[in-house]
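Just below is one structure, and these are the notes that go with it.
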Amino acid sequence: MSLAFCGNENNSLAYNVDRGVLNNGCFLDALNVVPHIFLLFITFPILFIGWGSQSSKVHIHHSTWLHFPGHNLRWLLTFILLFVLVCEIAEGIVSDGFTQSLHLHLYMPAGLAFMAGITSIIYYHNIETSNFPKLLLALLFYWVLAFLMKTIKFAKYTEHSVGLRQLRYCITGLLALLYGLLLAVEINVILGRRYLCFTEATEVKPPEDLQDLGVRFLQPFVNLLSKATYWWMNTFITAAHCRPIDLKVIGKLPIAMRALTNYLKLRKAFESQRRPLGSMPQGPKWIWRALRQAFGRPLIISITFRFLADLLGFAGPLCISGIVHHISKDNRTIQPPIKLLGVYFISSQEFLANAYVLAVLLFFALILQRTFLQASYYVAIETGINLRGAIQTKIYNKIMRLCTSNMSMGELTVGQICNLVAIDTNQLMWFFFLCPNLWAMPVQIIVGVILLYYLLGISALIGATVIAVLAPVQYFVATKLSQAQKSTLEYSSERLKKTNELLRGIKLLKLYAWEHIFCHSVEETRDKELTSLQTFALYTSISIFMNAAIPIAAVLTTFVVHVHISEEADLSPAVAFASLSLFHILVTPLFLLSSVVRSTVKALVSAQKLSEFFSSDEIGDEQEPNATMPTGPSNHKTIPSCPRNHNNKYQAVVSTQLSHNQWESVFDICFDQYGTPTLSNINSKVPFGQLTMIVGQVGCGKSSLLLAALGEMQRVSGTVTWNILPSLDSERDDSCFHCVYLGRKRGSVAYASQKPWLLNATLVENITFEMPMIKPRYKAVIEACSLQPDIDILPQGDLTEIGERGIILSGGQRQRIGVARALYQQTNVVLLDDPFSALDIHLSDHLMQEGICKLLREEKRTVVLVTHKLQYLPHADWIIAMKDGTIQTEGTLKDIQNSDPKLFEQWKTLMHRQDGEFEKETVAESMTVLERKNLRRAMYSKEAAKTEEEHEEESVESEVDDSLSQAMRHRTTIPWRSCGVYLSSAGLLLPLLLLSQLFKHTLMVAIDYWLAHWTSHVITAKMDATGRNCTVAQECGFSHSWYLSVFSVLCCLGIVLCLVTSVAVEWTGLRVAKELHHNLLSKIILAPMRLFETTPLGNILNRFSSDTNTIDQHIPATLECLSRSTLLCVSALGVISYVTPVFLIALVPLAIACYFIQKYFRVASRDLQQLEDSTQLPLLSHFSETVEGLTTIRAFRYESRFRQRLLEYTDANNIASLFLTAANRWLEVRMEYVGACVVLIAAVASISNSLYNHLSTGLVGLGLTYALMVSNYLNWMVRNLADMEVQLGSVKRINGLLKTEPENYEGLMAASQVPDGWPRQGEIQIQNLSVRYDTTLKPVLKQVNAHISPGQKVGICGRTGSGKSSFSLAFFRMVDMFEGRIIIDDIDIAKLPLQTLRSRFSIILQDPILFSGTIRFNLDPEMKATDDMLWEALEIAQLKPVVKTLPGGLDAMVTEGGENFSQGQRQLFCLARAFVRKSSILIMDEATASIDMATESILQKVVMTAFADRTVVTIAHRVHTILNADLVIVMKRGIILEYDRPQALLEKEDSVFAAFVKADK
């Protein structure tokens, strides 16, 4: 066939110009080439020379990006232009197919126009990024020329009566319009930027975000193409392969997406709903209204995109129908086209009847549909993330104003608030994600049903009814599923609570041999959880089954009805496969329906919860009273405190002024059941710049008084006023006058709470607490609090991270850090709430002397100190003695001695002092005993662990996820080993799972193949019928029944297999979950104490919480999704390759593209997922931290600093989420485009194959249907692979813990060989004993020999690290006894089984540990003792009256950690517990360290009387506690220094013990 621009037929009218050049069609086309040639010639040199020479210009940093006016409109119009030009090319080719020679003029100009269109947008983009608007002149000329040429052509067509019936006429008109619009956009740029025809050009700066190089999230700023395809993410995702993604890499959020911006938007929406009187409306409705107002607009855009995507989704089935219909036409004769102007014209009908045209249109429709769908997802998710940030900020601002009484009264718990942040804000976010579905689903269903009806008639409605009937069932299953999930959550939180208690009290449990009781309790809860998980698994499998089975059932019903309804049923491949695709489309919205409805319900509940929280009580204006003059009798006194401003001109004064009024209170020491006020009739003063002490028994309201001064109490009446005095030397009476008049807002107050509150930060940050670092001051504070030795032990010194997620510190260390913070601050008022409670005598004295008496007094700061240590009373300038919530007496020590000699005498005996003088040397080196040793031990063990790790790669993998500062993550391939561990735990269920999946997918292909076979036969039968003149095919002997019966059998088998696979997957998951948790718990409970000392508790807890949850609920679903999408893709590609083998050639480049896309995506996705999780942790812990330290934060007036930190954490979390979203969209867009290419190639190949090789039409339909499926499932496959990889990390971490070596519980003797009452006498012989904590560490006891007679009271004392505690632990074989032995009542304890040995002794530890449960359970978990025995034990411990008053007596509940009892009472409970055991040996490990002297003397009395006939070994904290012992052992560095009666040792002059006693005086 010859080639010529206008064709070369002899009778050609193409070259006829008799009626004028412009009346020749070919010339008109030639004329249209001119503008395109002009543009290509002008722009190519500029593009290649200008940008080629500095190619980096194309990758300019985004700070120079400017969008010219009409930017998005230009891109949009260009896209439409390119699409219309493709149609013009196609139309030219199709209309040229009817002539003998090729007419280039029909499609060549359009081809050039297409090139020019692409060039124009590239040229524009480059000019825009380099901000050089004058070069746009070339485009201006181009648009003018193109518009003119197209208009001339259009006018000539109209003149020659070419009308709307001809497609080329429509295309030309459309092109003229588009060029005109683009010309208008260009003129708009001139008017906007004034670069032409104006004297001065407009100066324009890039957006503020882009001037900040830290902003790397460019989605809002890039051009339309980059926005739609996430092109800007390319460099980001490929770079992730070389270096891990961290917060530095992802940079900052653009201003519009920051939490603060969105919070202000939300607040504005809330404010606009204020009622006229200024009150805020209540209830969830106002929250919804505000959300709609603040975030409604982007949601509408998302819904619009979704509508467009869903409508385009129907192009697939329609194009398949058209293509198959076109191929199966028997006579392919088409009406010859009309010839006008010497060229051929075709109608749009003829154009769309071409199979190749339909294939290309299908390709474009798919590309567009996927782009719109991803855009809809992105906008919805971005809106959801912005909304979450705004609500979290709003919650935080509310927390800052919360009344602490709500917390302590149990109305709001830390847990509830954290749930609001972690769960409820996410529920609202998810609702916004799924919101577009809510609107799009009805439209999708209606359009789908209409199209089905058009294809199949009435039978389609019956099929659709099947789907519709099963939809409520699905909804029912979904609600059951959420109920099951709820009950699972309840059980799992109960299990976690128990596991947490078990881990926190593991030392006690091991020492008492109770680990199995608690382990059994956890297992019981786990069994309940598993039963609930079984229900969850059952409903999940039903849900999976229904999603797979509904389309099969619907198709089966439809075809059965369709065949039976009419004799002449049209069951051609075109109809069958189009309806098959439509059914697949219809199932999606119905499958989503359940989750969307569930999400909506959850969002409604969350909004309700949030509205309740937002309306909870806020702190009143107690600290900002109105200026009032004191009236009535002037019996009020003031609490003056010192200058708030740093010059001494002013004094801040606190006056607590209440005459016979009551304060209803708020703290841990709260109401009894009758709601009596905690404080009443308080009238008090504090001298300015001096030390005031508040003393009194446990629970008398000392802490409450401090809180009242800080305005943290619920006040019934009276006032607390902080005041400013004009000068230091003014009269006291004046000051009182001013104090009430000038009282306004109090300044910052340094406050150290009773329960030390630490930040998750470094030690130095905890002490400086946002203040600038002043080295000398910092050193002085560290010295005063004796923190230097502790800092020296820490791995990174004072830069070590402490707090919840850091190194676990002991109570004393935490307390000293809290006090150090208060000392370091330069506020004028310092409130210290019981700072000595967890410190030993030396530390307390040192802190008192150096910190309070020296540091604070020198600075003339007003100090209010609550304490139990009465020996410090002589230091006080003013003493307030409290009793039962009122002030018993106040004054100086002398005043009280005169006014209340009885009280003074009582104090004197408790002080163990004869006079008020304080003469002693402070022993700076001496230390809280357990603390540093435990720390040092933990550090050593960590070092030891590190050296081991280098040899064991596997342990590296398990440890690395939890290290405090991860330097680098393991960036390996998919963790196949963990996958192996997971699947091997499934046992026999694994082969069932694999086989059922394979069979199911084989059967699915078989069903569709049979349909292709059947429909092809229908067509051949029809052709035979026309050939043999039968009216219907049935008369010629064709019957549907045989095909239908086989089809029905296959479908029913398919449905059964769907059920089998769904059950198999879930049951496998359950089996693995059960197995792994059981193994983990068994390993942990038997692990040596070293594991708990070297691994942060949080890490072990995470294995039981998040990791177990992942294995329980997430991995099975991901596994099912992954296997299904993978097998679907494989089977689809197999079918296409079978239908058109040519496809295999094209498959190679597509497969390579997919491989690289998934390879890069998986690494980036894993990093971003980990980053999202790791940024969520600080955010949530900042919330819980704030709630716990609310009083301290408000005392320091640091609210704004903490708010700022919250905004940083929220933005960090949100940017990680946004990048993850963009990465997911990046993947999906690319995979969808690959899928679209698969469809195009499969369509073109099968059409050609059918036209030239007579491939059966049924198989063409089959191939195309499967090709459409590939595009749906490709990205699911990669997404699930990435998810699976992240989730298998949980298995890897748990597997790491499963490798722990357990303690040796077996002994040489069997438990039955141990005499029943052993040890009866309690005689202890220690022979040559050496002990170490680990084989890698030095011994802590060296060749110790001792003999303790039955019933002796032995005291052991010594400095920190002398080996006292190791001595006590050796009795329980908690440490490695590598030399020597301990013989108790003639039995070597090394021979006994551990369980038996530990169950025969009693121990009281320094930290009192109580478990949640009844008092009975706490005293006797083994349930062996009678009630009488328990009451006797309580009486001995002086707790009987306390327990008697509790509701339920022995069955009264103890809250977690025993928080509803004071520290002293908890210690007494531990004493009672030891007494219940009735063992003849009791060991007291610093049991009196953290209790007041009164409780301590009770304890000592009890030990002397109740344990008179038992052997008691006391490790002494305060040396005076062992003065009455029968024998004293003084230790130093693991050896016994002195060993004798205390009297004998005191008589020796050079005795170390005597020196200790002297120091303790």
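General observations
- Anisotropy class of the range 1069-1216 from Cα gyration tensor, a/c 1.5 cut: oblate
- Whole-number D in µm² s⁻¹ for the range 389-506, Kirkwood Cα-pair radius fed into Stokes-Einstein, 4 °C, 1.567 mPa s: 68 µm²/s
- Pairwise FRET efficiency - Q211 versus K134, Cβ, R0 = 35 Å, nearest 0.05: 0.90
- If the segment from F1156 to A1425 were pulled out straight at 0.36 nm per residue, it would be longer than the present Cα-Cα gap by 90.0 nm.
- A rounded overall shape is assigned to the range 1395-1437, the ratio a/c of its alpha-carbon gyration tensor axes (a ≥ b ≥ c) being less than 1.5.
- Note on the range 1357-1452: dipole from Cβ charges, positive end direction compared against L1410, L1446, L1369; the farthest Cα belongs to L1369.
- Spin-label model distance (nm) - K480 vs N1328, 7 Å beyond Cα toward Cβ: 7.1 nm
- Placing unit charges on the Cβ atoms of the charged side chains and taking the dipole of the range 1000-1156 about its Cα centre, the candidate lying farthest along the positive direction among L1150, A1073, V1056 is A1073.
- Count Lys and Arg as plus one, Asp and Glu as minus one, and take only other residues whose Cβ is under 14 Å from that of V360; the net charge is then -2.
- Simple point charges give the picture: +1 on the Cβ of Lys and Arg, -1 on the Cβ of Asp and Glu, and for the range 142-242 a dipole about the Cα centre of about 620 debye.
- Computed over neighbours whose Cβ is under 15 Å from that of R370, the net charge equals +2, Lys and Arg +1, Asp and Glu -1.
- At a probe radius of 1.4 angstrom, the accessible area of the range 752-844 per residue rounds to 31 square angstrom.
- With an a/c value of 1.5 or above and a/b larger than b/c for the gyration tensor axes a ≥ b ≥ c computed over the alpha-carbon atoms, the range 484-556 is described as prolate.
- Seen from N1109, the other residues with C-beta closer than 12 Å to its C-beta sum to a net charge of -1, counting Lys and Arg as +1 and Asp and Glu as -1.
- With a Cα cut-off of under 27 Å and a minimum spacing of 8 residues unless on different chains, the lysine pairs in the range 100-230 number 4.
- Accessible surface of F1156 - all protein chains present, 1.4 Å probe, nearest 10 Å²: 90 Å²
- The calculated FRET efficiency for R292 paired with R401, based on their beta-carbon distance and R0 = 22 Å, is about 0.30.
- Surface composition of the range 105-243: carbon plus sulfur atoms hold 69% of the accessible area, using a 1.4 angstrom probe and ignoring ligands, DNA and RNA.
- Accessible area (Å², per residue) of the range 1194-1322, counting only protein heavy atoms and a probe of 1.4 Å: 35 Å²
- Computed lengthening from N1304 to Y1138, 0.36 nm per intervening residue step minus Cα-Cα distance: 53.5 nm
- Calculated FRET value between S161 and V34, using beta carbons and R₀ = 22 Å, to 0.05: 0.25
- Under the convention that each Lys and Arg Cβ holds +1 and each Asp and Glu Cβ holds -1, the size of the dipole of the range 1192-1258 around its Cα centre is about 520 debye.
- The range 1056-1201 - percent relative contact order, Cα under 8 Å, separation 6 or more: 25 percent
- Pairs beyond 20 Å (Cα-Cα), from K685/K894; K869/K902; K498/K1440; K528/K1074; K480/K602; K1342/K1532: K498/K1440
- Computed over protein heavy atoms with a 1.4 Å probe, the carbon and sulfur contribution to the accessible area of the range 1177-1248 reaches 58%.
- Figure note: K394, K497, K755 ranked by solvent-accessible area, largest first, 1.4 Å probe, ligands and nucleic acids not counted: K755, K497, K394.
- Considering the range 1260-1338, its Cα convex hull presents a mean projected area of 13.2 nm².
- Overall, the range 514-616 carries a charge dipole of about 360 debye about its Cα centre when +1 sits on the Cβ of Lys and Arg and -1 on the Cβ of Asp and Glu, all other atoms neutral.
The values are calculated or read from the model by the stated rules, or taken from the named source; none is laboratory data. Note that the coordinates shown come from a computational prediction; the quantities given were computed from them, not determined experimentally. FYI the Cβ positions are ideal-geometry reconstructions off the backbone, even for glycines, and counts take in every protein chain you see. Note: accessible area is taken over every heavy atom of the protein model, side chains too, but ligands, DNA and RNA are not part of it. Shrake-Rupley method; radii C 1.70, N 1.55, O 1.52, S 1.80 Å.
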